[in-house]
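The values are calculated or read from the model by the stated rules, or taken from the named source; none is laboratory data. Bear in mind the structure is a predicted one, so any value in this text is a computation, not a measurement. Every residue, glycine among them, receives a Cβ derived from its backbone with ideal geometry; neighbour counts consider all protein chains shown. Only protein heavy atoms, including side chains, enter the accessible area calculation; ligands, DNA and RNA are left aside. Shrake-Rupley method; radii C 1.70, N 1.55, O 1.52, S 1.80 Å.
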Amino acid sequence: MNQEQWTAVDRYIGDTVVPSDSALVAALEASAKAELPAIAVTANQGKLLHILARLIAARRVLEIGTLGGYSTIWLARALPKGGRVITLEVNPKHAEVARANVARAGLAKTVEIRLGAALETLPKLAAEKASAFDLIFIDADKANIPEYFAWSLKLSHPGSLIIVDNVVRKGAVIEADSDDPDVQGVRRLNEMLAKEKRVTATTIQTVGSKGYDGFTIALVN
Ligand SMILES: C[S@@+](CC[C@H](N)C(=O)[O-])C[C@H]1O[C@@H](n2cnc3c(N)ncnc32)[C@H](O)[C@@H]1O
């Protein structure tokens, strides 16, 4: 088993179970043209986010880490009329590309992109005292995952899902002495989860066109 095979299987899944449409393809093309890094979720992962949002009948979604808005589109499409995605992005160029991609997908009224470092925009969001989020997708800088998770707990309600991407890191997550801040960010999350009574959580390892990684899903009790 190797990367070539994982990529080929992802392509096959894309050709069968998870076909893309013009808005999703255009979002990836525009992101590539603007030289955004190719680090969006894959189509099958995006569809998993979409299915999870529909399963819990999510109306309000928070995303931390927008990039070109690819996962944002998958999530926004899962919401009923009047639903809302608030997505946080630090990079103005990424936010600009995402805004155009979301508009092209017909979702400009559903999605709000907030520019700024998430550790600054999250307290502002909390201060607004708006309704809690039903689903929160954490997919920004990995070193701050524990802080994002703590904010997610504050901004959620019993029954909310908190999903954290890239938590296996090619297996490096088991390296206790790693000097990689991203690995240490995930390890701190896992230490929190080990003690946290407010959630029921699991982590799934994955392979695919983006390599070997994984995601954590936490259900708020
Ligand atoms: C992995 S990408 C997000 C991919 C996107 N969720 C998708 O699947 O289509 C991570 C994004 O988080 C943004 N980011 C990094 N640090 C951040 C921070 N401190 N606050 C907000 N966004 C941040 C990056 O600029 C990048 O666009």
Practice problem: Just order 51-59, 172-180 by mean Cβ neighbour count inside 10 Å, highest at the front, would you? | Solution: 51-59, 172-180
Self-check item: Enclosed volume per residue, in Å³, of the convex hull spanned by Cα atoms of segment 3-220
Solution: 121 Å³
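My understanding is that a pair violates if its Cα-Cα distance is over 21 Å; which of Lys33/Lys93; Lys109/Lys210; Lys47/Lys195 do that in this structure? Show your work: numbers first, answer last.
Working: Lys33/Lys93 12 Å; Lys109/Lys210 31 Å; Lys47/Lys195 30 Å.
Correct reply: Lys109/Lys210; Lys47/Lys195.
Using a probe radius of 1.4 Å on heavy atoms only, what accessible surface per residue do you get for segment 130-221? Whole Å² is fine.
Result: 46 Å² of accessible area for each residue.
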Exercise. Take the solvent-accessible surface of the protein heavy atoms, probe 1.4 Å, and return the percent of it on the chain that carbon and sulfur atoms account for.
Key: 57 percent
Quiz item: If you build a Gaussian network model of the chain, linking Cα atoms that sit under 10 Å apart, which residue out of Gly82, Gly106, Gly211 swings the most?
Solution: Gly82
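Report the relative contact order of segment 80-150, percent, no decimals, based on alpha-carbon pairs under 8 angstrom and at least 6 residues apart. Write out the running numbers ahead of the final one.
Working: 51 pairs, mean separation 22.9, N = 71.
Relative contact order here is 32 percent.
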Self-check item: Considering only segment 3-220, percent of DSSP beta bridges that pair antiparallel, nearest 5
Solution: 45 percent
Self-check item: Lys197 paired with Thr16, simple spin-label distance in nm, labels 7 Å along Cα-to-beta-carbon
Solution: 4.6 nm
Quiz prompt | Gain upon complete extension [Lys93, Glu29; 0.36 nm per residue less C-alpha separation] | solution = 21.5 nm
Quiz item: So how strong a dipole does the chain carry about its Cα centre when Lys and Arg Cβ are +1 and Asp and Glu Cβ are -1, to the nearest 20 debye?
Solution: 980 debye
